[in-house]
1. Tally the residues that are in contact (Cβ under 8 Å) with a residue 60 or more places away in the chain and either closer than 20 Å to residue 237 by Cβ or touching a Lys or Arg at 6+ places or on another chain (Cβ under 7 Å) (or both), restricting the search to the range 303-335.
2. Please give the number of the condition residue 142 fails out of (1) of a type in the set (A, V, I, L, M); (2) surrounded by fewer than 23 Cβ atoms within 10 Å (Cβ to Cβ); (3) within 21 Å of residue 365 (Cα to Cα).
3. Yes or no: residue 354 part of a helix (DSSP H, G or I), within 15 Å of the chain's Cα centre (by Cα), of a type in the set (Val, Ile, Thr) and buried (at least 23 other Cβ atoms within 10 Å of the Cβ)?
4. Working only within the range 243-256, note down all residues that are in a helix (DSSP H, G or I) and either modelled with pLDDT under 80 or crowded, with 23+ Cβ neighbours inside 10 Å (or both).
5. Check off (1) touching a Pro at 6+ places or on another chain (Cβ under 8 Å); (2) open to solvent by 10 Å² or more (accessible area, probe 1.4 Å) for residue 76 and give me the number that stays unchecked.
Amino acid sequence: MTDEPTHSVPGKIRIALSHGPFMRYMAGEAVSMTGTWMQVMAQNWVMTYLTTSAMVLGMVNFAAGIPMIAFSMIGGVCADRYDRRGILLATQVVQIILALLAGWLVASGRIQIWHVVVIAAIIGVSNSFEMPAASALVPELVPKEHLATAIAIDRSVFHGTRLIGPAVAGYVIGLWGTASAFYLNAFSFVALMAALFSLPPRLPGTAEEESRRRGGIKEGIQYARSDKPTLAMIALIGSITVFVFPVMVVMLPLYARNVLHLGAHHMGLLMGVSAFGSFAGSITLLTVPRHTRCRLMMVAVVGVVVAMISLALAHRFAVAGAALILQSLGVSTLIGIANTIVQERAPNALRGRVSALVGLSFFGLMPFASLGITSLADWVGMRESLLIAAGLYAAVSIPVLIGSRKRICEESGKNAESPNAEPGK
C-alpha cells in the first residue's frame, strides 16, 4: 500500500463529496458554523463593552468548559450507544433557544456579564454531547479509504466558516445592530437540522462490535492509554489548548481593542485573517503524505512560537494580521494531523469515547487555560504574557514530538491500513 493515493486534491475532494450523506452533512454544517462564528464575534464584541478585564473574558470560557469536563465522557458513551443523528438534533434545538435568548437580551439592553456566563455554561453542556457525536459521525458517512480526506474537508469547513463568519458579523452588526448576529445564528441551525434528518441510520456492526458499544467510559480511557500515538496526539492538542488558544480566542478582542486600539470592523478582520490561516492549514492536510507528518508538525510548532512572539511585539494591524495567519496555520495543521491520526486508529465501537477524550484535551483544559493566561495578562501585561506563553508552549510541545515521533509516524502509517485494529495488533 502506498502512502497516498494518486488523486489530485480536487479529485480527493470530489470523491469524498460523491457520497451523498457526507455532502449533505457538510453543506448543513457550513451554514450552521457560519452562524456560530457570527455569534462568537458578536459575543466577544458585547463583552468588550461590559468589561475591560481579560480575566473576566476568561471566566466566560471557564463557564463553557467546566460542563465539558463533567459531561464529555458521558456524551462519548451516548455517541457510541445511541443514534448520533438524534443527539445532534437535540443539541441544535438547545443552541437555537440560547441564540434567540442572547439576541433578545442584547436588543433590549438587558445583557449583563452573568447572562453571558450562564448561556456559555448551558452551551458547554450541549457541546459535551454534540462534540463526540459529531466527531464520530463523519467516519460513518464515507468508506474507510476516504476517511483522511473527509476529516480534512470537515476541518476545512470549520475553518472556512471561521473565515467568513466574523467578517459577515462585523458587517451585519454595523448594519442592523449586534443582536442581529445572534438571530441569524439561530436561523442557521435549520440547515444542519435538515441535513441530519436526511442521513441514513447507522448500520449494525458485528456482535462483538455492538457489545463494545454498550461499554462504559473505562474502555475508552484504557484504549487511549494503551495506544501510544493516540496518547501523544492528545498531549499535543492539550499543549495547544493551554498555551495558544487563549491567545487566539479569549484575549484577541482585548488585544485588538486595548493593545492595537482597533474598532469592531478591524477586530472582525483580525478574526478573519486568523481563520484564513486555519483554513489554509486544513486544506494542506489533503496534500500531506503520512511519512512527512512528523516533520510538518515540528515546522508547525516552530511557526506557532514565532507567531506568538511577533504578536507580542506588533504595533500595527498588518504585523498582527500576518502573525495571526502564521499562528492559525500552524495550529490548524497540528490539530488536523493529530485528529486524523486518532480517527484513523480508533475502533468503530469506541470512536465516540475516543473523540470525547480528544475533546477533553481541548474543551476540558480550555477553561483553566483561559483563566491562567488571562490572569497572567492582567498581572504582567498582555504583551509579556504572550512571550511567556510562547516559551512554555515550545518547552512542552517540542519534547512531545521528539519523544514520540517514531511511534506517531510508523505506527499511524501501519494502522492506517486497518483503522479498527487494536493497539499492538
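1. Step one: list which residues in the range 303-335 are in contact (Cβ under 8 Å) with a residue 60 or more places away in the chain, which gives 304-305, 308-309, 311-313, 320, 324, 327-328, 331-332, 334-335.
So of that shortlist, the ones also either closer than 20 Å to residue 237 by Cβ or touching a Lys or Arg at 6+ places or on another chain (Cβ under 7 Å) (or both) come out as 304-305, 308, 312, 324, 327-328, 331-332, 334-335.
Within the range 303-335, residues that are in contact (Cβ under 8 Å) with a residue 60 or more places away in the chain and either closer than 20 Å to residue 237 by Cβ or touching a Lys or Arg at 6+ places or on another chain (Cβ under 7 Å) (or both) number 11.
2. (3)
3. Details: part of a helix (DSSP H, G or I): yes; within 15 Å of the chain's Cα centre (by Cα): no; of a type in the set (Val, Ile, Thr): yes; buried (at least 23 other Cβ atoms within 10 Å of the Cβ): yes.
Taking the combined requirement at face value, the residue does not satisfy it.
4. So the first thing to find is which residues in the range 243-256 are in a helix (DSSP H, G or I), and the list is 243, 245-250, 252-256.
Passing the criteria: 243, 246, 247, 248, 249, 250, 252, 253, 254, 255, 256.
5. (2)
Per-residue answers, yes or no, for (1) at pLDDT 75 or above; (2) within 29 Å of residue 59 (Cα to Cα); (3) in a helix (DSSP H, G or I):
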{"site": "326", "(1), (2), (3)": "yes, yes, yes"}
{"site": "331", "(1), (2), (3)": "yes, yes, yes"}
{"site": "360", "(1), (2), (3)": "yes, yes, yes"}
{"site": "368", "(1), (2), (3)": "no, yes, yes"}
{"site": "418", "(1), (2), (3)": "no, no, no"}
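Matching residues to (1) part of a helix (DSSP H, G or I); (2) under 27 Å from residue 382 (Cβ atoms):
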| position | (1), (2) |
| --- | --- |
| 76 | yes, no |
| 93 | yes, no |
| 103 | yes, no |
| 114 | yes, yes |
| 130 | yes, no |
| 142 | no, no |
| 147 | yes, no |
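Okay, residues lined up against (1) surrounded by fewer than 17 Cβ atoms within 10 Å (Cβ to Cβ); (2) modelled with pLDDT of 80 or more:
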| site | (1), (2) |
| --- | --- |
| 3 | yes, no |
| 9 | yes, no |
| 21 | yes, yes |
| 32 | no, yes |
| 43 | no, yes |
| 47 | no, yes |
| 54 | no, no |
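The values are calculated or read from the model by the stated rules, or taken from the named source; none is laboratory data. Computed from a predicted structure; not experimentally measured. In this analysis, Cβ positions are derived from the backbone assuming ideal geometry, glycine residues included, and neighbour counts consider all displayed protein chains. The accessibility values were calculated without ligands, DNA or RNA, using every heavy atom of the protein model including side chains. Shrake-Rupley method; radii C 1.70, N 1.55, O 1.52, S 1.80 Å.
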